[in-house]
Structures are given as C-alpha cells and as structure tokens.
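Heads up, the thing below is written out as structure tokens.
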C-alpha cells in the first residue's frame, strides 16, 4: 500500500560561493526519493536563495518509506558545464511513520558534503501521508517505535515484554567495488552513506516485522552496529527487546490490537490453569524438576531448567507462537488471556531470553546472577548472497547459545543488559556477546507496576532462588563448570525476604543479590556469605553486572569508576594461524581483565560492579582488552576486608618491601574509604528486615557460611615489584568535585542531585604507541592520561559528575591505538554528597549571599579554587556573578605594559564565557536516558546516521586534529538540526557507535566514518509547560504535555 | 605530520575567556599554555594536596619521578603540562573555527555548527573586534592597503603587540571599512547592524572609518603626543556636527562618511568674519567679555594675537572644502591654534572660554544679525571646533 511523501524546499542560507566571478551562487535543489528525482527552480545569484517551491509529491510503497532516506541535493547551476554539487541533506522518514510521531519534519538542515563538510543550510518541510496496511503478508512495519533508550522510555508503561529481537543485513561495501577505482572520492563516499542509510532502514523494517509478529509495538534498548568487513562487505546488525508499551494516561494500546487488560490484580489465578499444558508437559518430560506451588497465589514459577534442551524451547517458540501469541493485525483483538499466557510462558519459550535493557521496572529483577559472556574468533569470507546471510547469522546464534547456556549454568533463565560487539582486523573477526545472568519476573501487570513495593509483590514474585556468583568472566572457566552443573537441583524457592524501606522514595530489596541457585550446588567454588540485610540468605562476596544500578539494591557511599586495561602483543600472522593465536589468547586476556577488576574493586573497598563493558580489540600485532565499570559498595554483600599481601620472601629486604606494600595498600584502601564516603552504617541499625512471607525451604539457613567469607582477600605477589599491585596503587582518583561513572546513574547519588546537563563531550585520542618492556604500565598510563585530560577540561564545571562514560578502543594500525571517549558532564547540586567540597562550603559563607541557587554556587566554586591557587583576584558583585577580569598581569611575556592597558580596556566586558555553568538552552545531546532537571515530554523517533568525511587538504584544515575536530563538530551540528526539525530539543541515549579514522598524512589525505544514534525527544523544564523550541508551524499532533506520575501512583486504566 | 590525534568536542561551545584573550593577543597555543601554567592552573586542580600527601598517595602515585621533580609533586595530583597544552590546542582549534564566522558576525547568529548562547556570542564578537589603541593609533588615517599591512611589522615592533594581533585588528578595520564605505545612512548604525558590536565599540569604529575615509593626517611629529582617543572623539564630533547625520543637516540622502557638502559651502561665507571691520568689532566684544576672567597679561596677549587666531579658525573652516586641506585638519589645528596659545601660557579653560565667547560674538554684532544663515553655520562649526580644540589641548 502506498504512502504519499510531500516535500517542500523553502529556502537556503549561507550557501558557499560557487561562482568565483560573481562571488555568488545560482542554486537549485534536487529532491530525490527512491529512483524518482524532482527539482526546484534555479535561484540566480544568491547565497540565501528563496525557492518557496510547491509540494513535491512522491507516491511510494511504505516499505520504501522505511528503507530509503529522502535525499536533497543542492547544486550550483552551470549553463555550459555540469552543475557543481554543493552538498546533500539526508532525511530519515521513519519518525513520520510512527503512530504518535511528529506529523511533519521542518527546519534548517545543514547541507553536508563529504569533501567540504557543512556548506550552508536548507529549509525543508516534509510530510508523509500513510495509508494503513492491514495485509498480513506485508513487508513493511510502519508504526513500530524504536528506542535506543535501554529502559522503559519516560512517559510509557511497559505492558508486555516479548523478548529478544535480532536481525542482520549484509551488503557489498561500495568502497571495495571495482567502480571505486574510477569514480571520485565524493561519489564513492556518497554511495557509501546512501547504502549505510538504506541498510539501516531495511534492518529496522525487518526488525519491525519481527516485533509485529511477536505482538509488540516497540523495541527498546535497540542497538545497531555496523561491521565494516572490508572486502567481504558490510554487515549491519540490530538487537533489541521487543515490548508492548502504552502511554501513561492512555488506554494501553498495541498495534496488534490486543485490548487493554481487564485488570485483575492477580491474574495468576486464572492464568495458571489456562497456561498451555504443552509447555508443562514438555518440561516435566525433559527435566526431572519439581514444580512446587507453595501458595495458591503463587504463579507457577518459570524456573529455567538447564537440562532442558535449548532446541526444545526454541522449537516450542517458533511453532507455538502462531497459536499462543496473537499475531497479525486483526487476529488478536480478543485474545486477552492467551496474550497474558504467552507472557508468562515467554521466558521459557523464548529462544534467547535476552533483554537489552539496562534498567528495569521495579519488580522485574528477581535475582542477579553475574556476568556471562561468550566470544568467538572467525575468519571472514566473501558474502556471496547478500539475501541470505546465513554465516553471520549462524555465528551469532552460536554466541547467543553459549551465553544462554552460561546463564543456565548459573541457574538463571534470563540474560539482561545484553550487548554484542565485534572487532575486525583484516580477515579476522572477534564476535562477543555479554550480559548479566538473572532471574526475572516478566509478569509486570498493572497491579505490579502500580504498587511494586507492597508486600503483595512477593506473592506475585514467584521464582526460583538461584544464584550465581559472578566470579567468573572467563568463559573458558565457565565452560568447565557447565557440566558440573546442578542439573537436577532445581528447587522452586520462594523469594522470602524483601527488605522494604518505606521511608523515602527508595525501596531496597536485598533479595536481588541473593544467589539464584542452591548454595550447596554452586556451579563453581564460590565464597558465599550471609546477606547483611536479611541475615538469612546467602550471596556471593562480589557481584558483577552489565546493567545500571537497580534501585532495589542499597549501596553505601558513592560509586567509583573502574577500568582494567591490558595490551598483549601477538605475532603478525595471517589467516588460520592468526585466528588461532587470537583465540588462544582470549581466555588469558579475560582472566587478566577479571583479575585487574577484582583487585581494583577490592582496593576501592567495594563489592559490586555495574555497567561492566568489556571490549577486546584486535590489531595486526596487538590484542587490546579494556573493561570498564562502575563500582559500588552494595549493602547486602559482605564488606571487603583488607587485602593481605602474600609472597615468597628470601631476604629481609624483600620482607620490608612486602610490609611496605601491605602498608601502602591499606593506606590506599583507607583513603578510598574516605574519598568514596564508604562509611557503612552498622547493618543492625538498618530497618529490620520484615520477613513478610514465610520461607518454605529453609535449607539455606543450614549452610555453614563461615567457611568462605571469613578469609581475607589474598594477593599473591611473585616479586615485590609485581605490577598487579602497582596498578592498584596507580589508579588515580578524580579530582575533588568530579565524580565519574560509566553507568547512567551514579550509585549513591540520587538522580535528584543532578541539577542539569552541562556538557556532552566526545574525545578522540590516537597516537602511535611504542611499547617496550613496561607495556602494561604504559598502556594503563594512556587511559589515566585521557581521564586526566578530561578532568582538566571540565575543571570549571565542578561540582559535577561524568556519567555514561564510554571508552572505545581500537588498534587501527600496527603501532597505533585509538581511543574514543564520550560521556556527559552533569552538574551536581547537593554538595552534601561530595564530601570533598568542604572548602567551598567554608568559603561560601565568606562570600555575599547570592540570589539564585544552583548556577551561582558553581560560580563560587570556580572562584574559590582560583583563590586557592592564589593568583586570580576574583570578586562577586551583588547582582550575580561577574568575575573581574584579571589574568596574566605579570606573567605576560610579550608585553606587560600593553596588557595592563588591555586589561582596563576589557574590564568592561562581562565575563560571559563562564556562562557554561548555567543550563544552556539549545539542543541537548546525552548518552543518558534522561536529562536532569527536565522532563521528557514526548518521543519523536530514533535517529541513526552514518557520516563520512574525507579531506585531501589535511594540512590546510589544521592537520588530523583539526580535521577530526571539525568533523565531530559538524556531526553534532547535523544531529542537532535533525532533532530540532522533528520539534525536539534533545537527543537521549546518544551514542557514537563507530569512529573509524583512516589517514595518510604524507598524501595530505584522511577519511573518517562516524555513526551516531539516539532518541529524539522534546523536553520540558520542570514546572514549565511550553517547549523550549518554538514551533514555527503548528504541530498538529502535539499532545498536551504529559504529566508524569511516578510509576507507583499510576492508576491502572 | 603524524597520525597523532587528541581532540575534545562538546555539544555546547564553552569559551575559556582567558584563553580567548590570549588567542586574540596573538599568543601561540604553546605560549598561552605556558602563561596559564605560570598562573597555576595546574595546581588548582589538586585541591587539598596536603591531605593527600599525608596519606602517602602522592608518593605511590609517582609514576615518573623525574617529571614530578620538575613540576613539584603537588601538580601530579591534577593535570600535567601536556594536558594543559592539549586543552589549549582544543580551544585554539575552536577559536580558529569560530574566526571564520566572527569575520561576518551576523553569520554567527544564524549558523548551527556551533551551539553558542547569545551572551557568549556577544562576548566573542565584542572581544574579537576590540583593538589596542596603540596599534590603531599607528595605522590611523592610513590607506588600508596591503602596503599598510606590511607596515604592521613595524607597528608590532614599536607597540610590542604581537603581529598576529596587529593583523587581526588591521583586517577587522579594513573589513568594517569596506563594508560601510559605500553604504547609505548612519555610519554608526551600519556598523552596528553588520557587525553586532556594542554601542561604544561601534562608535569607535565609525570614528576610525571616518578618519580613514578622509585620510586625516595623524602621523606628523607634531601630532605624536595625541592619543587615539583624542582623534576618535574629534572624529565623532565631526560626524555628529558636520556630516550628513548632523541635526542641522536637512538632506540625509548621502552617506555619513562624508561631510555635509552644503555646510562646507556655507563655511566659505565665514570669510566675512576676518574682514577688517568685523574683526575689530569682534575683538573688542571678546576682550570686553573676557576682561573679568582673563589676567592682564593674557588680555594683552590676546589683543596682539586676536587677528591671527581668528584667521586660523576661519582658515581651517575654509579649508574643509578642499580635500587636501581637510586631511590637515588636525595638523592645522595644533600648529595654528593650539601651539601659539600654549606658548602664551593659556590653560585649557582659557581657550575654551575664549572660543565660547568667539562663538557668541557674531550674535552681538549688528552687522551679522541680519544674516541668520551665517550664524547657524558659525555655530554648527564652532560647536564641534571648540570641543575638538579642548580635547586636543594637552598641557
């Protein structure tokens, strides 16, 4: 069924001079969609042309609307020769295909040319009229909403989770086609951009189809990756979590027509009997498992059974989905219960019970196991038939299967916070999948979401208690344990202990940390201890996860950024031998990374990791591994004891060394305790855990918990100069006033303390690195140095928190390392938490009281720090914050006298530059899923684009640094323009997924590819109704601003 | 060139004003970083180093003892000079990107490449168009040609302002000049609308453009003691009183850069004032009026020189008709009027009092009363003339 695409080209501005003779341009615009091209008139001799064109109409299939971007190309008209290209604008039409999306796209779009960058802007209006398609066999999936946001997006309520979706499409890379040898770099770049964009559209359409088939209406936690495999082509992969979302304050709606639940608060009663017996049969036949139903209210727990052949469940899913899950447009309208059933069965029926979200609605998490990962090394070969990319599919299936089996080995039936990565070097590719094994509760019906913390929760929350200590990341290790597994030991256990604190808005639940398996049958040797909160259940001594800190887990103090880095050299082999070497190296790398993480965690005095992200990159002669995470001290887990240094000593000198080391370690640990505010309130002071349910299987209590946990953490040192300890000591802290985490929220700092976004930043670092003997130290130093640079850069923003910090490490060339760091600097308002801020507090009283709150305080901070430095004289005047300008007085080398004059001259100019410390208005970009201090009013669609920039005059643009600086600046500018054109003023879940830089300085050339993505939203200020971006045109669909009611109060429809 | 990359890009443009100033002053990134380092930017990072030192952190941190020694241990907690330099370079790259836009400030508001709030934009523009009075003083009145640009080397040497900064100032002037040179309407307003600079700065630019356009001679030795401000104030007075935008000017069609042609023609009629009969009458009126305030010696002096002084005043007025003599306005004023008076020991007040009386004189002379036109011209001329003289009258 067709849709009508209408485009109007209104005007252009600041076009480049294309005609040297007149210093003007005769511009016109070609509007291209699919294969159809239409043109505007030529606007003669103007750099700010006004076309005011009529509507260009394209009648197209909706499938094409999803796949193809609208392409506008600006030209300079030439009567005699061919027209000169000014540049292009690509517009993704998918936001217009969304159900409640913007009704049109309109705004100034930067005209982008891959050789020259941004050259002026075009004002364009785009509309789409879509005729809904009810054909069951259609190829399009308009209306499925994509969210990069890896949680339930603000303003929506999660109705159903349908599970993991994945898709990949492949194509030839135009750069590697024969034609590339004869065409210009520009056309080659444009061909690539077009194909990237098209593949991305196609991928999303295909995923959309899968979602519709599953009965969902959205995908959240959508992650799209491009693998540039070189000769063998491009692979675009997408994974996400299929869900049915409904807007808060609206009747739950879903495109498949599932009618709103007749909300019985406890649907389990009805569901249990109605659940297809098939699955039960399947289970009982395949696994000797006892299903215990302790209370009538208890939903049959969906304990996963590791001995259940994966095949079985996947088969069930594929065959059963037709019947159990209502699919297709018209069919499901009345099937409320079957729908619910499918929900409940899902976790077992899902082929891959993976969830790409990293934070979850309350009640979703039951137990967290630990990190599970799988990697494999493959040799790339030519993709012969792009229509059927079986090999790539098969590779990923292997990875996922392995991850799943690891999870099951831990007694978990789900993997959360799941991501997939690749690293490619010539023909070798490393594929990896990583996630956190967990027990989850999918039955988040309204009653649950509404009052997740009422005691009734437990009744609903039936699940097996199982657990895994996340001690092992190395999948080799884990593999060993798979067999040992407690295959028949599944016992259904009720969650018994919920620690509920009714005070404040935080509700903790220690059971999330409890092991999901029986202590006696741990998959591998684990130190178990008693839960410090409920004192009943056992849990591991440390917990690694890939998710954001869940609100259920109570933490002490503040979180700390932790990173493990290793670099190994390898022989410059080819083909099979190369792959083998890499593959042999991997387990050791994983082990070493894990070890470093553990050591650093211990020395920080913490016991949990969130947001763990492990990246292994392969280069020609190097293997690089970086693990990044945010550490926290989890209340339920035992408090780490002081590490003891053990080593073989042969001389008294060595002995003193050892003693010295031990002392340094304990000093460091004490200091960390101070810095991260890890003062543990005596657990006995905690609100006593209310044992709200009866514990059926008390067997856990018989455990001898004294065995494992009393033992101190022991560091074995081979010689007194052991690097592992050195690196522990080397780890620097962020300077006072700056907190760092790689998660979306900072453990220990409530989101309400974040005042506003100060700055989203991207840092690209690349350098030739010659490693000698002390490779490890140098490699670590690179990262420390990058962090230091960051802190220094942001020194004027304190007190602040760097959130969502991501590191992307590549080994692009033999001796080169490229690191891309991005994150957002968020202002922290409540300085009570930043213990190190006392100087400022002291000083603040000396300063005049200042009218406005947050920003001014920041100002003082700056001043205070300068005063401390004893150089600049600063002064705050009564009205606010004009800082007197008094720099360089004596320090100027060139002309002291002149400066004095200048100074007086410039004194009048108020120092507005420091205005950075007020919330800025404009388009926000942030890797977080929220913008502190502001509310997300509306989601306007996801954005994903691949930019290519090339330069053949590298020196002239300021070298490689200048080139990269300009390119990133331009990319951000274009992204902002697109967000604004949708009526938005922020892009959340922003991510730069790819940053490939190729350069040949000797030829004065370089090329860079950047892929960015995120969710466009419109923000509202707290208590402010109008949106910051004025609507030039009336936005038809504009909803009345949503009033967000905390999920706990939401009224069931 | 290596493949070294180290860049930091933010979503919002934040300007480090100290660095921006240094950049405008023409310091290289290296120099600027060195200045900041001396100011202790690095130290300010590691607040509470004393505490940390006590805890033995610093020692254990010591990755590179040699470096530490050089910089003092305290710094190692915070940033290192490398980091400062890299930050400086990032800022410089940003400034260089912004410079393209700053050359045509109206573009800054329209562009989307850099996300800059309005206040910062204003600050950027104002500072960019700020100039060093000493530098502009050197090139004032010169043709803004490439020759003059070469001359900047000398200016740089003389004023000790870095060449880069001199060039920026020169280029700014030239650009502003070229933009408004041929434009109709108020000079000051044209500059403000096209360059979005503050009122005060726009006024200064208008004055400079005015002086440059008339190629006023300002570099004679005799004028060496005059500052840029002296000239700019005078030029501004000329613009407000004698140009097409003057209140008295009824015909606003022409450009502000030029003097009101009708007024200039009328000035010729002032010749009448130096005719002997009238002169005597004026002289007696002036001396009469000043008798109370002037000392005897000065009155005597005035008595002797009155004729010469009046001639000088009228000649300067008359000369405004001839472009060659217009150029010498300041030279003539200083040579013919100010210097003689200074030699006679007149104070600034004396000359002001005197000129005010001279201005009023014709009104009290019967012969002039029936020539109202002459009177208005005389007043229009004298209004600016008096203030200029006072401004330039350095004792």
Worksheet item: Taking springs between alpha-carbon atoms closer than 10 angstrom, which of B:230, B:332, B:87 fluctuates most in the Gaussian network model of chain B?
Response: B:87
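Given R₀ = 30 Å, FRET efficiency for residue A:184-residue B:183 by Cβ-Cβ distance, to 0.05? Working shown, then result.
Working: r = 42 Å, r/R0 = 1.40.
So, using R0 = 30 Å, E works out to roughly 0.10.
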Practice prompt. Report the label-to-label distance for residue A:1005 and residue B:370 in nanometres (one decimal), using points 7 Å from each Cα along the Cα→Cβ vector.
Written response: 9.1 nm
Practice prompt. Percent of Cα-Cα pairs per 5 Å bin, from 0 to the last occupied bin, for segment B:156-195, please list those.
Written response: 6, 22, 24, 15, 12, 12, 8, 2
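Residue by residue through A:159-167, how many Cβ atoms from other chains fall within 10 Å of the Cβ on average? Working shown, then result.
Numbers: counts 0, 0, 0, 0, 0, 0, 0, 0, 0.
Average per residue, whole number: 0.
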Fill in: FRET efficiency for residue B:220 and residue B:275, using Cβ-Cβ distance with R0 set to 30 Å, rounded to 0.05
0.45
Discussion item. Rounded, prolate or oblate, given the Cα gyration tensor of segment B:268-395, with a/c below 1.5 counting as rounded?
Written reply: oblate
Worksheet entry | residue A:952-residue A:651 pseudo-label distance in nm [points 7 Å out on the Cα-to-Cβ vector] | 6.5 nm
Discussion item. Taking 60 Å as R0, compute the FRET efficiency from the Cβ-Cβ separation of residue A:670 and residue A:573 and round it to 0.05.
Written reply: 0.80
Worksheet entry | Near-label residues of segment A:1-17 by backbone N, under 14 Å of a point 7 Å along Cα→Cβ of residue A:52 | A:9-12
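Work out, step by step, the length gained on full extension between residue B:287 and residue B:379: first 0.36 nm times the residue separation, then minus their alpha carbon distance; give nm to one decimal.
Stretched fully, the residue B:287-residue B:379 segment lengthens by 31.2 nm.
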Worksheet item: Under the rule of -39500 (n - 2.57) per DSSP H run of 4 or more residues, summed and divided by the residues of chain B, what mean residue ellipticity at 222 nm is obtained, to the nearest 500 deg cm²/dmol?
Response: -19500 deg cm²/dmol
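Over segment B:262-392, what is the relative contact order in whole percent, taking alpha-carbon pairs under 8 Å and six or more residues apart? All intermediate terms of the calculation are to be shown ahead of the outcome.
Details: 91 pairs, mean separation 44.4, N = 131.
Normalised by residue count, the contact order of segment B:262-392 is 34 percent.
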Worksheet item: What is the spin-label model distance, in nm, from residue B:100 to residue B:394 if the labels are put 7 Å beyond Cα along the C-beta direction?
Response: 4.4 nm
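Every read-out reported here was derived from the displayed coordinates using simple, explicitly stated rules and does not represent laboratory data. Since this is a predicted model, take the numbers as computed values, not measurements. With ideal geometry, Cβ positions are generated from the backbone for all residues, glycine too; neighbour counts draw on all protein chains shown.
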